[in-house]
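See structure below.
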Amino acid sequence: VFLSFQVFGTIVWILVASTQIPLPLLQGWVMFVAVTAWCLSIVFLSVFLFGYANRIAVNWNQADFIFHGATFVFYFGAFLLQAATTSLHYLPRKFNSTMQETILSGREYNISIAASV
């Protein structure tokens, strides 16, 4: 389970970081959640791999449940924010009075969809 956090967290980083950030506040939260969950899952993985779980008197089943529950809530919120950013694809953005573009290009739209999923 922790290895899947590593793989999918890294994929989210790559996908979100490879787009232009039209709404830094929303996508900044997505990156914060991905980076934090990634780092905490490395800590959990290290604790179990190096045998510290036997030395620390903690209910690991409860700690695991709380970690995954909190991670689910934060990732779900990040999904909603990333999906909201993706839904603004057709919203026009004016650079000056003569030029008008969409917030996300076609390529960035596809990458943002993948990051949402």
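Just checking, does the range 33-54 include any residue being within 21 Å of residue 17 (Cβ to Cβ), in contact (Cβ under 8 Å) with a residue 60 or more places away in the chain and open to solvent by less than 80 Å² (accessible area, probe 1.4 Å)?
No, there is no match, as no residue in the range 33-54 is within 21 Å of residue 17 (Cβ to Cβ), in contact (Cβ under 8 Å) with a residue 60 or more places away in the chain and open to solvent by less than 80 Å² (accessible area, probe 1.4 Å).
So that you can scan it fast, the table gives a plain yes or no per residue for (1) under 21 Å from residue 4 (Cα atoms); (2) outside any helix (DSSP H, G or I); (3) at pLDDT 85 or above:
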| position | (1), (2), (3) |
| --- | --- |
| 16 | yes, no, no |
| 47 | yes, no, yes |
| 58 | no, yes, yes |
| 66 | yes, no, yes |
| 77 | yes, no, yes |
| 82 | yes, no, no |
| 97 | no, yes, no |
| 113 | yes, no, no |
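Cβ-Cβ distance below 9 Å, separation of 6 or more or different chains: which pairs start in the range 68-81 with a residue that is β-branched (Val, Ile, Thr) and end on one that is surrounded by 13 or more Cβ atoms within 10 Å (Cβ to Cβ)?
From the range 68-81, the pairs are 71/5; 71/33; 71/36; 71/37; 71/40; 71/41.
The values are calculated or read from the model by the stated rules, or taken from the named source; none is laboratory data. Given the structure is predicted, the values throughout are model-derived calculations rather than measurements. Note: ideal-geometry Cβ built from the backbone for every residue, glycine included; neighbour counts use all protein chains shown. To get the accessible areas, we keep the full protein, side chains included, count just its heavy atoms, and leave off ligands, DNA and RNA. Shrake-Rupley method; radii C 1.70, N 1.55, O 1.52, S 1.80 Å.
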